[in-house]
Every structure is written in C-alpha cells, then in structure tokens.
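S.K.: Please see the structure below; I have some questions.
The values are calculated or read from the model by the stated rules, or taken from the named source; none is laboratory data. Please read all numbers here as calculations on a predicted model, not as lab measurements. Here Cβ is always computed from backbone atoms with ideal geometry, including for glycine, and neighbour counts include all displayed protein chains. Please note that ligands, DNA and RNA were not included when accessible areas were found on the heavy atoms of the full protein model with its side chains. Shrake-Rupley method; radii C 1.70, N 1.55, O 1.52, S 1.80 Å.
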Amino acid sequence: MRSFSRVVLAALCLVGAVQAQDAYPSKPINLLVGFAPGGGTDLIARQLAPRLAEVLQQPVVIENRAGASGTIAAGAVAKAKPDGYTLLLGHVSSNAMVPAITPRLAKSAATDFSAITLIGSVPQVIVVPTAFPAKNLREFIALAKDRKGGLNYASSGNGTQQHFAAEMFQLATGTTMTHVPYRGSGAALVDLVAGQVDVNFDTVPTVLQQIRTGKLRALAVTTRTRVPTLPEVPTVIEAGVPDYEIGAWYMLMGPAQLPEPTRDILAAAMNKVLQLPDVREKLAALSTDISGGSPAQAQAYLKTEIARWSRIAAEKKIQAE
C-alpha cells in the first residue's frame, strides 16, 4: 500500500511538472512589427514590450519585418503556429486599410487573426519641411491647386493611413498630388526633412520630435479636436475642410485559432501594462489615446474597422497602386 502511494505521488509530481513546463508562457515571445524602426508602430512597440515581458515573466522580442504596407509581418503572424509565441502589433494600415484595397486580403482580414486587445489610437498630422513655402494649411491648399499635381506626398506604403489620409484630403480639397510610397515612416521622414518630398500625413509620434526641433512644420492635425502634445496646431476642419477626420489604431493580435486561455492571459497582461502609470505617461507623450479591453471587444472593433475602410475605399475610389 505504501509502495502504491509512492507511485501515485510520483505520478502526480510528474504531471505537475509537465503542466508547469507547458504553462503559457514558458519561452520568449516574438512581437512582429510591420514597419521599420523609427515609425509610429515601432515606437509604440518599444514602449510596451519591456513591460509586457515583466508581466508575463518571459522576454518579448521585437522583430521588425517592414514592407508591403505592414502586410509582410501580418502575413507571417497569420501563418504562424497559434501557440501565443508569435504575435503582431496590428495596425489600421496592415489589418484594415490594405485589405480594403486588396481583394485577395479582403475576405480573410478578420478571420486570419485573433484580436487580443485594442491598445489605442494616435492622431495624424500634416507636416512639411521647414523651408516649404506654405506657412499654414490654407496656403498649402492654394499652392497645391496652383501647381496641379506638382507636389508629392510621402507614405509608409500603399494602403497605409498616410496614403488614405492624403487621398481623402485631395478629394476633400480638389487638389492633386503625386504619391511616393516608402517601406516605412522612418525612411519617409528622412526624405521629408531633407526636402526630397513635399508633405506627409504621418502619425504624431513619428514626427513630434522633428516638429519640436524645427525640422518640420506642422500645418494641421487630422482629428476633430486639437492634440494635447501640439496644442497650437489647428485641426484640418478648423482650417476650412469640413468633416475631415482620420487616425491610426494599434492592436495586439495573434494567429487565428489562438487558444482562449492563451488569448485571455495575453489580454490580461496587456491591460495591466496599459494601466501602469509610467506606460500611460510615455504613451500620452506619444499622443496615444489608450483603449484596452477584452479579446471580444477587440475582435468586434476589428470587423467594424475593416468594413469602415472598405466602404471609404469604395466611396473615395482609393485603389492599390
């Protein structure tokens, strides 16, 4: 009897050891970012990853896979094993806008991923080089109309929020500009500061430092209300373009069929990170409106956004180039 008890005890210990070994997470997690270092998505990721690693007690390794408007990274995550060790810092561009103008992505944009938590959203700002002749948005519109296509605008790729913002702006103002897509905001920013391109509709975090140091001039923000980090910069609506509004959101995502317990662990961890005072302070400095929430809320939001941008793409005739 005593021998039997020892066997049972040994078996229970073995099961416990296996369960502990298999508990999620038990190894480093890769967080894929679909844009190059220096862009808004990368900046957000680098604020969140270290604290997420602390909460999960496993390293969270950022991997930048830039290109194709963020869809290279998104595609890699969609094809990854749904075990929670390959995640995506999802973005409105790669996960809602590009699918809206790409038929092969449109059908599966909502089903290829497990939405975990909506992190938040950031405004965009229309910026030009300091030497650019227009000093405000009204002057910029007048110049763009006068040059009739002679101005060009940068973006981090076809179908990105910069592309959508510029196309919507042209339709709203009756202007015409030439699109110059880059592999990421970082490269676009270098050329914008150097005056190689005329304007960009980038996220505030990406260009905030260049605005503050006088390397770029902010003409207007693309939200309905002014941005706390740029209180002196008017909105596009204030400058006389009615009902113009666009921004960029970020979401923690994994492959489809991510187990519910794993998804819940990640959502709880990210929500905890988003409540940390130092994280909130740093994200606020990047003009981020923090969200948080459950996987179900994130999944519903993703479906709504895909439908929204598909409708806008059709109405505004925004197409892949």
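S.K.: Check off (1) part of a helix (DSSP H, G or I); (2) within 19 Å of residue 96 (Cα to Cα); (3) not aliphatic (A, V, I, L, M) for residue 282 and give me the number that stays unchecked.
M.R.: All conditions pass for residue 282, except number (2).
S.K.: Go through segment 219-270 and report how many residues are hydrophobic (A, V, I, L, M, F, W, C), assigned to a helix (DSSP H, G or I) and surrounded by fewer than 19 Cβ atoms within 10 Å (Cβ to Cβ). Working first, answer last.
M.R.: Keep residues of segment 219-270 that are hydrophobic (A, V, I, L, M, F, W, C), which gives 219-221, 227, 230, 233, 236-237, 239, 241, 246, 248-249, 251-253, 256, 258, 265-270.
With the extra rule that they be assigned to a helix (DSSP H, G or I), the set shrinks to 265-270.
Narrowing further to those that are surrounded by fewer than 19 Cβ atoms within 10 Å (Cβ to Cβ): 265, 268.
Number of matching residues: 2.
S.K.: Condition check: part of a helix (DSSP H, G or I) and open to solvent by less than 10 Å² (accessible area, probe 1.4 Å). Does residue 48 satisfy that? Break it down stepwise before answering.
M.R.: On the way: part of a helix (DSSP H, G or I): yes; open to solvent by less than 10 Å² (accessible area, probe 1.4 Å): yes.
Taking the combined requirement at face value, the residue satisfies it.
S.K.: Taking the options 114, 93, 185, 156, name whichever one is at pLDDT below 95, touching a Pro at 6+ places or on another chain (Cβ under 8 Å), on the phi < 0 side of the Ramachandran plot and buried (at least 24 other Cβ atoms within 10 Å of the Cβ). Don't jump to the end; show me each part of the working.
M.R.: Numbers: 114 fails: at pLDDT below 95; 93 fails: touching a Pro at 6+ places or on another chain (Cβ under 8 Å); 185 fails: touching a Pro at 6+ places or on another chain (Cβ under 8 Å).
So the residue among 114, 93, 185, 156 that is at pLDDT below 95, touching a Pro at 6+ places or on another chain (Cβ under 8 Å), on the phi < 0 side of the Ramachandran plot and buried (at least 24 other Cβ atoms within 10 Å of the Cβ) is 156.
S.K.: Please tell me if residue 165 is open to solvent by 30 Å² or more (accessible area, probe 1.4 Å), in contact with a Phe, Trp or Tyr (Cβ under 8 Å, 6 or more places away or on another chain) and assigned to a helix (DSSP H, G or I). First the steps, then the outcome.
M.R.: On the way: open to solvent by 30 Å² or more (accessible area, probe 1.4 Å): no; in contact with a Phe, Trp or Tyr (Cβ under 8 Å, 6 or more places away or on another chain): yes; assigned to a helix (DSSP H, G or I): yes.
No.
S.K.: Give the residues of segment 198-217 that are touching a residue at least 24 places away in the same chain (Cβ under 8 Å), surrounded by fewer than 22 Cβ atoms within 10 Å (Cβ to Cβ) and closer than 28 Å to residue 243 by Cα, sorted by residue number.
M.R.: Quick first cut of segment 198-217, residues touching a residue at least 24 places away in the same chain (Cβ under 8 Å) only: 198-208, 210-211, 214-217.
Of the ones still in play, those that are also surrounded by fewer than 22 Cβ atoms within 10 Å (Cβ to Cβ) are 210-211, 214-215, 217.
Within segment 198-217, 210, 211, 217 qualify.
S.K.: For residue 149, are the conditions met, namely being open to solvent by 20 Å² or more (accessible area, probe 1.4 Å) and either closer than 19 Å to residue 45 by Cα or not aromatic (Phe, Trp, Tyr) (or both)?
M.R.: Values: open to solvent by 20 Å² or more (accessible area, probe 1.4 Å): yes; either closer than 19 Å to residue 45 by Cα or not aromatic (Phe, Trp, Tyr) (or both): yes.
So residue 149 passes the test.
S.K.: Let me ask something else. Tell me, please, whether a residue that is over 19 Å from residue 299 (Cβ atoms) and small (Gly, Ala, Ser) can be found in segment 51-65.
M.R.: Step one: filter segment 51-65 for residues over 19 Å from residue 299 (Cβ atoms), giving 51-65.
Of the ones still in play, those that are also small (Gly, Ala, Ser) are 53.
Yes: segment 51-65 contains one or more residues that are over 19 Å from residue 299 (Cβ atoms) and small (Gly, Ala, Ser).
S.K.: Mind listing just one residue for me: the one in segment 66-90 that is open to solvent by less than 20 Å² (accessible area, probe 1.4 Å) and either in a helix (DSSP H, G or I) or of a type outside the set (A, V, I, L, M, F, W, C) (or both) and, of those, farthest from residue 28 (Cα to Cα)?
M.R.: Per the criteria, the residue is 69.
S.K.: Among the residues of segment 126-141, which ones are within 19 Å of residue 226 (Cβ to Cβ) and surrounded by fewer than 19 Cβ atoms within 10 Å (Cβ to Cβ)?
M.R.: 135, 136, 138
S.K.: Which members of segment 169-212 meet the condition of being in contact with a Ser or Thr (Cβ under 9 Å, 6 or more places away or on another chain) and under 15 Å from residue 236 (Cα atoms)?
M.R.: Result: 169, 170, 200, 201, 202, 203, 204.
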